[in-house]
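Everything below concerns the one structure shown next.
Derivation of every value follows stated rules applied to the coordinates shown; laboratory data play no part. If you're wondering where the values come from, they're calculated on a predicted model, not measured in any experiment. Every residue, glycine among them, receives a Cβ derived from its backbone with ideal geometry; neighbour counts consider all protein chains shown.
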Amino acid sequence: MSLLINIKEIQENKSGQVKGQFLISPQELDLPEPKDIWRPLKFDFTCTNAGDLYVLTGKIRSSTAHQCSRCLAPVEIPLEVDVHEEFSRLANQADEDIHCFYGDNIDIAEVLRENVILSLPAKILCSPDCRGLCPHCGADLNQVSCDCKPQSGDPRLAVLEKLISK
Ligand SMILES: [Zn+2]
Ligand SMILES: [Zn+2]
């Protein structure tokens with residue numbers, strides 16, 4: 001996997017910029033399992049010669065496909081990530097904020113991969129007030145209401161009551 005920005009044109013030119021766009025497949029970024037959630041990605045970028053550093057800014061746009069964690073309906077979530085990364089040929093290994101590169105090309109695949117993975121939402125719902133599935137009959141409570149009785153009380157309390165009655 002390599003996505004390269006060639007900085008040869010701007011390396012003698014402080015505040016010189018390279019701009020462009022990458023169209024990237026999920027395979028190119030080696031995005032993790034489950035593979036079927038990923039969609040093609042677009043990355044619009046500007047790479048600026050800032051003297052000691054090259055500063056990469058831009059925006060990743062894509063979306064990811066999931067299931068609602070309550071009702072299992074398919075949910076497509078837009079993915080938009082603002083990228084700001086710094087690169088240097090002289091980067092110290094100990095400085096984790098600045099990425100090292102060699103030669104005339106900056107390989108941005110690894111930083112894009114990290115930015116994308118960190119932007120995944122932790123909890124996925126089709127809507128904030130999704131009512132989910134009935135735990136007894138499996139009916140989708142967003143669509144229908146079922147006749148199952150609501151569970152009496154909090155199950156954790158029920159355990160306590162059992163203990164107390166012993
Ligand atoms: Zn839902
Ligand atoms: Zn039910």
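Which whole-number percent gives the relative contact order of the range 4-130, counting Cα pairs below 8 Å spaced six or more residues apart?
Numbers: 235 pairs, mean separation 30.7, N = 127.
So the answer I get is 24 percent.
What FRET efficiency comes out for Asn105 versus Ile77 if R0 is 45 angstrom and r is the Cβ-Cβ distance? Round to the nearest 0.05.
Given R0 = 45 Å and the Cβ-Cβ separation, E is 0.90.
Loop only by DSSP, 13 or fewer other Cβ within 10 Å of the Cβ. Give me the trypsin sites (Lys or Arg not before Pro) in the range 14-65 that pass, ordered by residue number.
On the way: sites: Lys14, Lys19, Lys35, Lys42, Lys59, Arg61; in loops: Lys14.
Counting only loop positions with at most 13 other Cβ atoms within 10 Å, the trypsin sites (Lys or Arg not before Pro) in the range 14-65 are Lys14.
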TODO: Could you work out the longest stretch of the chain that avoids the GluC sites (Glu not before Pro) located in DSSP loops with at most 14 other Cβ atoms within 10 Å?
DONE: 13-95
Open item on the list: Compute the angle between helix 109-118 and the longest alpha-carbon principal axis of the chain, please, reported from 0 to 90 degrees and rounded to the nearest 10.
Closed with: 30 degrees
Open item on the list: Quick check for the range 4-130: number of Lys pairs with alpha-carbon distance under 29 Å, counting only pairs 8 or more apart or on different chains?
Closed with: 12
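Chymotrypsin sites (Phe, Trp or Tyr not before Pro), restricted to the range 62-117: which are DSSP loop and have at most 16 other Cβ atoms within 10 Å?
Working: sites: Phe87, Phe101, Tyr102; in loops: Phe101, Tyr102.
Those satisfying the criteria are Tyr102.
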Open item on the list: With n ≥ 4 as the cut-off for DSSP H runs, can you work out [θ] at 222 nm for the chain, using -39500 (n - 2.57) per run divided by the number of residues, rounded to the nearest 500?
Closed with: -4000 deg cm²/dmol
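Report the full-extension gain for the segment Gln67 to Val55: residue separation times 0.36 nm, less the Cα-Cα distance, to one decimal in nm.
Numbers: separation 12, 0.36 × 12 = 4.32 nm, distance 3.67 nm.
Full extension of this stretch gives 0.7 nm more.
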